[in-house]
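Contents: one structure, followed by commentary.
The values are calculated or read from the model by the stated rules, or taken from the named source; none is laboratory data. In this text the structure is predicted, and so the values were computed from the model without any measurement. So basically every Cβ, Gly included, is an ideal-geometry build from the backbone, and we count neighbours across all protein chains shown.
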Amino acid sequence: MNSNDRSIVGLVMVAHAMVHTYELSIPILVPIWLSEFSVIDLGILQFPVNEATLGALVAIGYGLFGLGALPSGVLVDRLDARLLITGCLVGMGTSFLVLAVAPSPAFLGLALAIWGVAASVYHPSGLSLISRGVEERGSGFAYHGMAGNVGIAVGPLLTILLLIAFDWRLVAGVLTIPAVVAATYAIRVDIDERAAVAAADGGDDRTDSGVDSLGEFLATAKTLFASAFVVVFLVTFFSGLYYRGALTFLPELLRDVPALTPVEFGGETFEPGDYLYVGLLMVGVLGQYAGGKLTDRGRPEIGIFAGFGALVVVALLFLPAAAIGLVALLPAAALLGFFLFFVQPFYQASVAEYTPSEARGLSYGFTYLGVFGVGALGAVVAGTMLTYFSAEQLFVVLAALAACASGLGAYLVTRAPSTAVGT
């Protein structure tokens with residue numbers, strides 16, 4: 001990588017790690033909120049706090065994380081991605097300050113909504129920055145994904161360790177510090193955001209890209225969805241539902257596994273399931289790296305087909321493995337972590353294959369509308385299944401979602417080699 005590549009990759013790695021640090025710290029707090037709060041009071045309406053209602057509350061923030069990606073995608077085609085990323089980091093820190101003083105579940109929802117709006121800016125900005133500024137794009141996606149997984153693992157681990165000694169509100173307050181440090185770094189870094197585009201075709205004039213009106217937005221969106229990009233978008237739809245459905249209540253599910261009973265040590269109670277959850281997410285770093293590297297060596301459509309096919313098998317075997325004991329659960333958890341993140345570089349790279357550079361921000365906006373916006377419903381699905389049905393039935397639903405994504409990947413493989421939008 002050249003110096004500009006390294007600067008861009010360094011920036012997006014830091015920001016991506018921060019986004020997922022906060023995102024995956026939330027499930028660690030969910031069991032605490034289930035025990036601390038009993039009623040969600042909305043004035044004229046009251047709801048009991050259970051997996052279904054808390055899942056819906058959490059889905060507000062997660063949903064905005066995805067829904068905001070679309071307007072963010074429009075903005076990044078017109079504005080400086082570095083400034084948008086800085087604003088994202090400041091907003092996420094602010095949201096956890098609000099979370100720290102939230103007096104009720106309704107205010108938890110407000111804090112999570114602030115986080116979702118702020119975090120929604122990141123993926124269209126960061127991924128567009130890689131695709132337009134980094135010449136070694138596949139490696140950029142790989143390192144970007146790895147950093148996200150470091151945040152995914154370190155965030156929950158840091159939260160778990162802080163909760164041993166401190167109240168969850170103080171922990172939420174402490175977690176604002178990394179965002180402040182990262183925002184300070186982001187505002188100071190010097191990068192050329194369109195170096196790769198300029199190197200390819202000399203197109204470095206931002207005023208010639210993006211959309212300037214509702215009519216132009218609709219026309220660009222129509223062009224995108226009239227192409228094979230629509231299939232990639234549907235893949236992100238199913239991927240998001242699987243991702244959120246599997247992870248939101250996983251710490252709670254692992255606490256019910258007989259082989260992971262609580263351990264008393266030094267006057268403190270430790271939940272082995274929480275640490276297995278963190279370990280699973282850490283394995284995802286390897287999945288991201290492997291997937292990112294493979295996008296530079298073959299067709300990403302094949303990775304979509306194979307990766308989601310593996311997730312079908314993992315979903316069907318996960319709970320039977322947990323029933324057998326640690327000897328089966330540990331590899332099953334490792335495989336879930338690996339393939340859950342292995343698939344991400346493939347659909348990220350597919351977006352770049354099927355869209356023009358001038359609409360790349362909007363394209364990634366639609367992508368993360370699918371992954372995190374529609375995908376937020378996975379938390380609702382998981383909470384509802386666990387409240388009214390069973391964990392076994394939840395994992396069957398997850399397997400069906402992965403099967404749909406794998407089938408779409410198979411369609412892209414058989415349809416034609418990767419081609420740009422409009423074909």
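So, in the range 174-213, exactly how many residues are closer than 19 Å to Pro124 by Cα, part of a helix (DSSP H, G or I) and either modelled with pLDDT under 75 or not hydrophobic (A, V, I, L, M, F, W, C) (or both)?
6
Restricting to the range 72-101, give me the number of residues that are free of Cβ contacts under 8 Å to residues at least 40 places away in the same chain and not in a helix (DSSP H, G or I).
Counting residues in the range 72-101 that are free of Cβ contacts under 8 Å to residues at least 40 places away in the same chain and not in a helix (DSSP H, G or I) gives 1.
Quick one: in the range 120-159, of everything that is at pLDDT below 85 and among the β-branched types (Val, Ile, Thr), which residue is surrounded by the most Cβ atoms within 10 Å (Cβ to Cβ)?
Ile152
Among the residues of the range 304-349, what is the count of those that are within 22 Å of Val150 (Cα to Cα) and of a type in the set (Gly, Ala, Ser)?
Count: 6.
How about the range 217-264: which of its residues are surrounded by fewer than 20 Cβ atoms within 10 Å (Cβ to Cβ), among the basic types (Lys, Arg) and touching a residue at least 12 places away in the same chain (Cβ under 8 Å)?
Arg255
Scan (1) under 25 Å from Val180 (Cβ atoms); (2) more than 18 Å from the chain's Cα centre (by Cα); (3) of a type in the set (Gly, Ala, Ser) for the single condition Ser38 breaks and write down its number.
With (1) under 25 Å from Val180 (Cβ atoms); (2) more than 18 Å from the chain's Cα centre (by Cα); (3) of a type in the set (Gly, Ala, Ser) applied to Ser38, the lone miss is (1).
Taking interchain pairs and intrachain pairs at least six residues apart, which have beta carbon atoms under 8 angstrom, with the first residue in the range 30-49 and without any contact (Cβ under 8 Å) to a residue 40 or more places away in the chain and over 22 Å from Tyr277 (Cβ atoms) and the second among the hydroxyl-bearing types (Ser, Thr, Tyr) and not in a strand (DSSP E or B)?
Phe47/Thr53; Pro48/Ser38
Considering each residue of the range 1-36, count those that are within 15 Å of Tyr185 (Cβ to Cβ), surrounded by 22 or more Cβ atoms within 10 Å (Cβ to Cβ) and not aliphatic (A, V, I, L, M), and give that number.
2
Would you say Ile40 is of a type in the set (A, V, I, L, M), surrounded by fewer than 22 Cβ atoms within 10 Å (Cβ to Cβ) and modelled with pLDDT under 85?
Numbers: of a type in the set (A, V, I, L, M): yes; surrounded by fewer than 22 Cβ atoms within 10 Å (Cβ to Cβ): yes; modelled with pLDDT under 85: yes.
It is true that Ile40 is of a type in the set (A, V, I, L, M), surrounded by fewer than 22 Cβ atoms within 10 Å (Cβ to Cβ) and modelled with pLDDT under 85.
Take the residues in the range 226-275 that are more than 19 Å from Ile28 (Cα to Cα) and of a type in the set (S, T, N, Q), then tell me which one is modelled with the lowest pLDDT.
Ser227
Which of (1) within 20 Å of the chain's Cα centre (by Cα); (2) crowded, with 20+ Cβ neighbours inside 10 Å does Pro105 not meet, given it meets every other one?
The single condition Pro105 does not satisfy is (1).
Return yes when Val134 is closer than 27 Å to Val343 by Cα and either of a type in the set (Phe, Trp, Tyr) or within 15 Å of the chain's Cα centre (by Cα) (or both) and no when it is not.
No.
Modelled with pLDDT of 90 or more and not polar (S, T, N, Q), is that true of Val171?
Details: modelled with pLDDT of 90 or more: yes; not polar (S, T, N, Q): yes.
Yes; evaluated as a whole, the condition is true for this residue.
With respect to Phe339, is the statement that it is buried (at least 19 other Cβ atoms within 10 Å of the Cβ), touching a Gly at 6+ places or on another chain (Cβ under 7 Å) and part of a helix (DSSP H, G or I) true?
Spelling it out, Phe339 is indeed buried (at least 19 other Cβ atoms within 10 Å of the Cβ), touching a Gly at 6+ places or on another chain (Cβ under 7 Å) and part of a helix (DSSP H, G or I).
I'd like to know if the range 8-27 contains one or more residues that are part of a loop (DSSP other than H, G, I, E, B) and under 21 Å from the mean Cα position of the chain (by Cα).
Scanning the range 8-27, I find no residue that is part of a loop (DSSP other than H, G, I, E, B) and under 21 Å from the mean Cα position of the chain (by Cα), so the answer is no.
Inside the range 368-403, can you point out the residues that are hydroxyl-bearing (Ser, Thr, Tyr) and surrounded by fewer than 24 Cβ atoms within 10 Å (Cβ to Cβ)?
Step one: list which residues in the range 368-403 are hydroxyl-bearing (Ser, Thr, Tyr), which gives 368, 384, 387-388, 390.
Thr384, Thr387, Tyr388, Ser390, listed by residue number.
Look at the range 236-280 and say how many of its residues are outside any loop (DSSP other than H, G, I, E, B) and within 21 Å of Ala405 (Cα to Cα). First the steps, then the outcome.
Of the residues in the range 236-280, the ones outside any loop (DSSP other than H, G, I, E, B) are 236-247, 250-254, 258-260, 263-265, 268-270, 272-280.
Next, only the ones that are within 21 Å of Ala405 (Cα to Cα) stay: 236-247.
So the count comes out to 12.
Quick one: is Ala111 within 30 Å of Val189 (Cα to Cα), among the small types (Gly, Ala, Ser), within 17 Å of the chain's Cα centre (by Cα) and in a helix (DSSP H, G or I)? Working first, answer last.
Working: within 30 Å of Val189 (Cα to Cα): yes; among the small types (Gly, Ala, Ser): yes; within 17 Å of the chain's Cα centre (by Cα): no; in a helix (DSSP H, G or I): yes.
No; evaluated as a whole, the condition is false for this residue.
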